[in-house]
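Below is one structure, written out as structure tokens; comments come after it.
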Amino acid sequence: MKRTIAAILAADVAGYSRLMAEDEEDTLVRLAAAKAIFMHAVLKYGGRIFNTAGDAILAEFPSAVEALRAGLSIQAELAERDHDTLAQRRVRFRMGLTIGDVVEVDGDLLGDGVNVASRLEGIAEPGGICISRSLHEAVSGKVQATFRDLGPQKLKNLPRPVHAFRVRALAIDAAPKGFILAVRFSGRQWLIAGILLVPLVSSIWYGARRHVSGSDENAQLAEAAADNLISISASVTRARTRCFPDAIRVTGRIVPQQEVEVHPSVESKGARDVRPLAEPLAKVRTGQILAESLRPGARDRHSTDVLSPVDGILIQASAEGGGPGPLVFRIAADAAFALRAEVPWTTLAEIKMGQSASVTLLGAEPRPGRIRFVAPDLDPSTQLGRVDILLEPNSADAPPRVGQFATALITRGERCGIAAPASAIVYTGEGPAVYVVRAGKIEVRPVATGLFRGREVEIRNGLSEEETVVARAGAFLREGDRIHPLVVDHH
């Protein structure tokens, strides 16, 4: 079984049984739309959904920061979509997030990470997010959110309390200059506002028609002016040609490229007062004293010093198994670390020695790497092959920890094509689509997506260069809606 560490997001719908009992068909339609939003956000932030059951969804991410950003994005978009829906009919997810150890079995993930995330979801508010302390430490100061410390929580079927935090996205204090201010009303307030606005709109329409009677050209202008009264403001952008890196994504753990073990000499095994002089993750040099000891009655306490045989990073300075006994030192020679991944045979055939890669450790920024080893054969029990990606040394980066979870994009080249913002993609029952703007109105256009680069996605077909699309598609837009475009540049 493949064991790894990942950021896990668990979610389910608050009050799902009640929603189904009240209106099963409506609930299933709303749930399908919500899951489409969920899938879009998970893909956008580099994760994958590994399990669904009814109203429950489980997703994994290589980055704690991206996992929380995905959760906040999903909750914000669902709240926007359901704003005009009766409160008792809204589909609202509760979410739990943590970083934990998991085991992959046939593409599914099991283990403590999944269990803790699922239990944290149970104490989240409807439409809210609850995270563990481990994830809080990884995202603090990196995500636009505030956190409420709930302290240790005793969660169902977990042997130890979990320190939990509630998450709230930071509110925007003021609208940017030049943008239209949108005021949100409750359903009752919208009804009252509509009743009051009907005479005003009618008088504007009637006045425009009177002033242009007898002129077809002016009548058309009047109709366009009336249409603008009910248009929706939306950010739009033009599709451009961009080049996307064609890469293979792999996951695995950090290991030393070459590990050297140092055991005390026979003479030092009877020594007392053995004291290590170097801490794990410290840089060591050849000949450096790692520990000093004194034998009973000996005057020269340096006669049994433990010396480093190589330059590198000290990764262990303790007794084997953590129990009593002589110290054992493990050194990553030359401070060289690699990401060790297991990949299917079809992927293994596409990976070559010397290919460049971008390696991202959990909670850290990407760093360059290069393929150092490709297994010539497969493990007969798993049908997976081993790949080692050597991390290029960088004195500015802290040394990684052995066993740390990481992902890598192995570069195969690049492919150029039409690009659009990832936020422009909506997921319909027929697949992905974009909202193309033609003559000021929305046209829903099915597309085929391809590679990703940052927040852009390759459009394989369905969209031409220079066509205008809604930059951030939302469930509030429909085919034929007239919009008031606000041009933005997504490049």
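With each label modelled as a point 7 angstrom along the Cα→C-beta vector, the Arg238-Asp397 pair spans 3.9 nm.
Each 5 Å bin from zero holds the following percent of Cα-Cα pairs in the stretch 2-169: 1, 9, 19, 23, 20, 15, 9, 3, 1, 0. A simple spin-label model places the labels of Ser140 and Glu25 5.2 nm from each other, with each point 7 Å out along Cα-to-Cβ. Rounded to the nearest whole Hz, the Karplus-based 3J(HN,Hα) values (6.51 cos²θ - 1.76 cosθ + 1.60, θ = phi - 60°) of the stretch 51-56 follow the sequence 6, 9, 8, x, 8, 8, with x at glycine and proline. Couplings 3J(HN,Hα) for the stretch 57-63, derived from phi with the Karplus relation 6.51 cos²θ - 1.76 cosθ + 1.60 (θ = phi - 60°), are 9, 10, 9, 10, 9, x, 10 Hz, where x marks Gly and Pro. Extension gain for Glu365-Arg412 works out to 14.8 nm (0.36 nm per residue, less the C-alpha to C-alpha distance).
Note that the stretch 80-165 shows a convex hull volume over its alpha carbon atoms of 145 Å³ per residue.
In sequence order, the stretch 86-92 has phi-based couplings of 4, 3, 6, 10, 6, 8, 10 Hz under the Karplus curve 6.51 cos²θ - 1.76 cosθ + 1.60, θ = phi - 60°, and Gly or Pro positions carry x. With the simple model of a label 7 Å out from the Cα in the direction of the Cβ, Arg438 to Arg478 spans 2.0 nm.
Taking only Cα atoms of the stretch 366-450, what ratio of Rg to Rh do you get with Rh as the Kirkwood inverse-distance radius? All intermediate terms of the calculation are to be shown ahead of the outcome.
Numbers: Rg = 21.0 Å, Rh = 17.9 Å.
That ratio equals 1.17.
Backbone amide hydrogens, once placed in the peptide plane, bring Gly128 within less than 5 Å of Met95, excluding anything fewer than 5 places away on its chain. Amide H contacts of Leu451: Glu458, each under 5 Å away and 5 or more positions distant or on a separate chain (H built 1.01 Å from N in the peptide plane; Pro and chain starts excluded).
At an R0 of 41 angstrom, the distance between the Cβ atoms of Ile289 and Thr382 translates into a FRET efficiency of 0.45. For Gly111, the residues whose amide H sits under 5 Å from its own are Val103, ignoring neighbours fewer than 5 places away on the same chain, with H placed 1.01 Å from N.
Laboratory data are not the source of any read-out in this text; all were calculated from the coordinates shown. Predicted model, so just to flag it, every value in this text is computed and none were measured. We place every Cβ from the backbone using ideal geometry, glycine too, and count neighbours over all the protein chains shown.
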